[in-house]
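Take a look at the structure below.
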Amino acid sequence: MKVLLIQPPLEDFYTTPIRLYPLGLLYAARIFLDSGWEADILDCLSPFKKRRLPIPKSFDYLIPFMENPYFYKNYYRFGISEQEIVSRIRASSPDLIGISSQFTAYYQSVEELVHLIKKNFRLPIFVGGNHATAFTEEIKARTPEVDHILSGPAEDCLPEFLNELGFNSIKGPVDWRTIRPAHHLLLGDFYRIGKKNCVSMIASRGCPYSCEFCSVHLMFGRKINYRPVEEVIQEMRWNYNHKNVRIFNFEDDNLSFDRQWFLQFLREVNSDSLLKNVELTAMNGICYPNLDDEILTEMRRACFKQLNLSFVTQSLELKRKYHRPNTTYNFERLVRTVQKLGFSITVYIIIGLPGQTLEEIKTTIDYLLELGVLVGPSVFYLPHGSKLYERLQVSPEIRNNWNLYRSSAFALETEHLSRAQLIDLFSYARMRNLEKRVS
């Protein structure tokens, strides 16, 4: 039996290619392979292609703002054509198709892919991922053509699913920490940063924090668990040798949370004859309250060139309100140390969190810029699966329109912030960042 696992195309004003590596599908593929199946990956986003589209009616309220030089200009489809998708599925000749549905705002692309497959093939389809976990019943109602909807991580849901199909040869529980993702199913040259091949990995899962605007716990729980350092190193060495990978991007939410684990990992990288010259990134951010001079020095030696830090807001009142840990302690000293070591720094804030004001957000932006860092403005959107999602007072037109569950929609106005003000703040941060780069 053969399964084809698909990452669908997507449509948006922009996307970040490094975040498109289909790591979740590679974990799912490994479960199938270990169960005796053949497995293929169809990543519709690789090689990276984009085509300009008319702005959808859902977003036509943004058109008047597009004269702003620091705002979006166009809307795109990212991914290969429908004809190529059909051709690739036919060439693979699978018995079963699995589709990744990770991000709520992109479910329309998943649904369109389901319709395309059902129109051209008689094949069972299952859907899994973060969005499928959060909205299982809603997907059943919206897209009855989907044959199976799987909830939770691959190692939890797939063995049971395969057992129901009568094919599972895996005995006992599967420990995700010892699973080696099936990187060999992807072409290395399709995933690059600049001229260097790149892969994404995870070393840990879960988050011990209880931020009310976050839904990480929905898939991976509130207890953080790490893989053995040696397992991570061996995965890196394999990709170095077999796929010529020189940049390793870690998708962990809290890669540095366990100080001892992180130090051991960094020292293993630094002492490894192959890996000591690679570049490491952590695009989801580093848990910086745990950073100190010793860790930062080891990170620099391990070829971390940039740090992505999650700041959220300077307001202690808002942090307490949303149960965000107070991470402002010694932040300025941390930034000075990081700068002396030669890192570039991007600090991410939220724009439009209920309770924020224009003055508070602008003060936070200016404070960070004065520290000499770049500011990453993340516009607040409906955080499905979070505590905040359940109590937010939003219209049914917004809550029921999954297309609006994205930062680029600027969909959620609050009592303190209009859409125009949100866009002004977003544009202000981008303008000041550009000025800093030019200077």
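Things worth noting here:
- Segment 54-68, subset touching a residue at least 40 places away in the same chain (Cβ under 8 Å) and over 26 Å from the mean Cα position of the chain (by Cα), residue surrounded by the most Cβ atoms within 10 Å (Cβ to Cβ): Phe65
- His384 falls short on exactly one of the conditions (1) open to solvent by 40 Å² or more (accessible area, probe 1.4 Å); (2) closer than 30 Å to Glu111 by Cβ, and that condition is (1).
- Inter-residue pairs, beta-carbon under 8 Å, first modelled with pLDDT under 95 and in segment 417-439, second open to solvent by 40 Å² or more (accessible area, probe 1.4 Å), 6+ apart: Leu434/Tyr70
- Residue count, segment 91-122 (criterion: touching a helix residue (DSSP H, G or I) at 6+ places or on another chain (Cβ under 7 Å), closer than 16 Å to Ile41 by Cβ and either at pLDDT below 95 or open to solvent by 10 Å² or more (accessible area, probe 1.4 Å) (or both)): 2
- Qualifying position, being more than 17 Å from the chain's Cα centre (by Cα) and over 25 Å from Arg406 (Cβ atoms), among Leu150, Leu165: Leu165
- Test set (1) open to solvent by 40 Å² or more (accessible area, probe 1.4 Å); (2) at pLDDT 90 or above; (3) not hydrophobic (A, V, I, L, M, F, W, C) - Tyr405 fails condition number: (1)
- Test: residue in segment 387-401 that is touching a residue at least 24 places away in the same chain (Cβ under 8 Å), buried (at least 18 other Cβ atoms within 10 Å of the Cβ) and of a type outside the set (A, V, I, L, M): no
- Only one entry of Arg333, Arg301, Arg324 meets the criterion of being open to solvent by 20 Å² or more (accessible area, probe 1.4 Å), out of contact with any Ser or Thr (no Cβ under 7 Å at 6 or more places or on another chain) and free of Cβ contacts under 8 Å to residues at least 12 places away in the same chain, and that entry is Arg333.
- Candidates in segment 69-90 are the residues that are under 30 Å from Lys2 (Cα atoms) and hydrophobic (A, V, I, L, M, F, W, C); of these, the one that is surrounded by the fewest Cβ atoms within 10 Å (Cβ to Cβ) is Val86.
- Scanning segment 38-52 for residues being surrounded by 13 or more Cβ atoms within 10 Å (Cβ to Cβ) and assigned to a strand (DSSP E or B) gives a total of 7.
- In segment 189-225, of all residues being open to solvent by less than 30 Å² (accessible area, probe 1.4 Å) and not in a loop (DSSP other than H, G, I, E, B), the one that is modelled with the lowest pLDDT corresponds to Met219.
- Exclusive hit being over 22 Å from Val232 (Cβ atoms), open to solvent by less than 10 Å² (accessible area, probe 1.4 Å) and in contact (Cβ under 8 Å) with a residue 40 or more places away in the chain, set Val347, Val338: Val338
- Residue in segment 148-162 that is outside any helix (DSSP H, G or I) and open to solvent by 70 Å² or more (accessible area, probe 1.4 Å) present: no
- Evaluation of Asn284 against (1) open to solvent by 20 Å² or more (accessible area, probe 1.4 Å); (2) not in a loop (DSSP other than H, G, I, E, B) (one fails), failing number: (2)
- Conditions (1) under 23 Å from the mean Cα position of the chain (by Cα); (2) closer than 16 Å to Thr364 by Cβ; (3) at pLDDT 90 or above: number failed by Lys321: (1)
- Screening Glu230 against (1) within 21 Å of Gln7 (Cα to Cα); (2) not in a loop (DSSP other than H, G, I, E, B) leaves a single unmet condition, (1).
The values are calculated or read from the model by the stated rules, or taken from the named source; none is laboratory data. Everything numeric here is computed off the predicted structure, so don't read it as measured data. Cβ sites come from the backbone with ideal geometry, for glycine too, and all protein chains shown count toward neighbours. Accessible surface areas use protein heavy atoms only, side chains included; no ligands, DNA or RNA. Shrake-Rupley method; radii C 1.70, N 1.55, O 1.52, S 1.80 Å.
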